[in-house]
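**Student:** The structure under discussion is supplied below as structure tokens; questions concerning it will follow.
The values are calculated or read from the model by the stated rules, or taken from the named source; none is laboratory data. Since this is a predicted model, take the numbers as computed values, not measurements. Neighbour counts are summed over all protein chains in view; Cβ atoms, including those assigned to glycine, are modelled from backbone coordinates with ideal geometry.
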Amino acid sequence: MIKILIPTPLRPFTDKLDTVEVSGATVGELLQNLTTMHPGLKQHLYAADGKLRSFVNVYVNDDDIRYLQKHETPVKDGDTLSIIPSVAGGARP
């Protein structure tokens, strides 16, 4: 099982859990299994075309999957997957 860290804005879609344990051999399998367990997450992680939204960053341990094998990045027991949504904006001066 792989531990997936859920950021605060997405916790309402995981029954307020901050961590979910999921099985899978790749990042893609983990995210598929996560969105099967918690269907409300899918629209927040994936665009209509099925691709991961551009503002959603995913890390295996401390490594950004964009610089690895993306959804095909292999995972093993004991790894941690972090979902980090980008934050933008701010106050006007």
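**Student:** Kindly establish whether TYR59 is among the hydroxyl-bearing types (Ser, Thr, Tyr), modelled with pLDDT of 95 or more and surrounded by fewer than 17 Cβ atoms within 10 Å (Cβ to Cβ).
**Tutor:** no
**Student:** Based on this model, can you work out whether LEU5 counts as touching a residue at least 12 places away in the same chain (Cβ under 8 Å) and buried (at least 17 other Cβ atoms within 10 Å of the Cβ)?
**Tutor:** When the stated conditions are applied, LEU5 does not pass them.
**Student:** Here is a further query. On the given criteria, is LEU17 surrounded by 12 or more Cβ atoms within 10 Å (Cβ to Cβ) and in contact (Cβ under 8 Å) with a residue 12 or more places away in the chain? Steps first, please.
**Tutor:** Values: surrounded by 12 or more Cβ atoms within 10 Å (Cβ to Cβ): yes; in contact (Cβ under 8 Å) with a residue 12 or more places away in the chain: no.
No: the conditions fail for LEU17.
**Student:** Tell me which residues, restricted to region 28-43, are touching a strand residue (DSSP E or B) at 6+ places or on another chain (Cβ under 8 Å) and either surrounded by 16 or more Cβ atoms within 10 Å (Cβ to Cβ) or modelled with pLDDT under 95 (or both).
**Tutor:** LEU30, LEU31, ASN33, LEU34, THR35, HIS38
**Student:** Related question: Do you know which residues across region 2-54 are in a strand (DSSP E or B), of a type in the set (S, T, N, Q) and in contact with a Lys or Arg (Cβ under 6 Å, 6 or more places away or on another chain)? Reasoning before the result, please.
**Tutor:** We begin by selecting, within region 2-54, every residue in a strand (DSSP E or B); these are 2-5, 19-22, 26, 46, 52.
Now narrow it down to the ones that are of a type in the set (S, T, N, Q): 19, 26.
Scanning region 2-54 gives a single hit, THR19.
**Student:** Go through VAL56, VAL60 for me and flag whichever is of a type in the set (A, V, I, L, M, F, W, C), touching a residue at least 12 places away in the same chain (Cβ under 8 Å) and in contact with a helix residue (DSSP H, G or I) (Cβ under 6 Å, 6 or more places away or on another chain).
**Tutor:** From the options VAL56, VAL60, the qualifying one is VAL56.
**Student:** Of everything in region 1-34, what is under 14 Å from HIS71 (Cα atoms) and among the polar types (S, T, N, Q)? Give them in sequence order.
**Tutor:** THR26, GLN32, ASN33
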